[in-house]
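Participant: Here it is, the structure in full.
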Amino acid sequence: RAAEEEADRRQRAAEEEEKKVAQEKEEAQKRQQEAKLEAERIAKQEEEERAQEQLKKEESKRSLSPPPIDVDASSSDEEPALVGKKSRVGIEDPPPPPVGEEEEKEET
């Protein structure tokens, strides 16, 4: 009988040890999965940061390119104003050419 009890005790201890090992294995897998997810999240975040940096670089290139044009335009203030007036006249007032023709008729 003592041998049976000893066998039962050993059996229970073995089962508990198996449960413990299984639980530890499960926890290790969870930690591994969490670490993987964290690594993916970090990688995604770093990729987004790189994309933002690239966007900033492109925007700064774009914003650096136009200012020289703007500087040229603002250095000769008359030219942009004239261009603006010409384009407005061309769009808003098609009649001026006939007015010019009438003036020519009056002259001849």
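Participant: Work through the residues other than Lys57 whose Cβ is under 13 Å from its Cβ and net out their charges, Lys, Arg +1 and Asp, Glu -1. Let's see the in-between values first.
Facilitator: Numbers: positive: Arg50, Lys56, Lys61, Arg62; negative: Glu49, Glu53, Glu58, Glu59.
Here the charged neighbours net out to 0.
Participant: Quick one: what are the phi-derived ³J(HN,Hα) couplings along segment 13-29, Karplus 6.51/-1.76/1.60 with θ = phi - 60°, whole Hz, x for glycine and proline?
Facilitator: Using θ = phi - 60°, the values come out as 4, 5, 4, 4, 4, 4, 4, 4, 4, 4, 5, 4, 4, 4, 4, 5, 5 Hz.
Participant: Short version: ³J(HN,Hα) in whole Hz for each residue of segment 51-61, in order, from phi by Karplus 6.51 cos²θ - 1.76 cosθ + 1.60 (θ = phi - 60°), x for Gly and Pro, what are they?
Facilitator: 3J(HN,Hα) across segment 51-61, in whole Hz: 4, 4, 4, 4, 4, 4, 4, 5, 5, 5, 4.
Participant: I've got another one for you. Points 7 angstrom from Cα along the Cβ direction at Gln54 and Lys25: gap in nanometres?
Facilitator: Placing both labels 7 Å along Cα→Cβ, they lie 4.3 nm apart.
Participant: How much net charge surrounds Arg12 when only other residues with a Cβ under 14 Å from its Cβ are counted (Lys, Arg +1; Asp, Glu -1)? Walk me through the numbers before you get to the answer.
Facilitator: Values: positive: Arg9, Arg10, Lys19, Lys20; negative: Glu4, Glu5, Glu6, Asp8, Glu15, Glu16, Glu17, Glu18.
That works out to -4.
The numbers here are math on the coordinates, done by the rules we state, and not lab data. Every value quoted in this text rests on a predicted model; they were computed, and no experiment measured them. Positions of Cβ are generated from backbone atoms using ideal geometry, with glycine treated the same way; all protein chains shown enter the neighbour counts.
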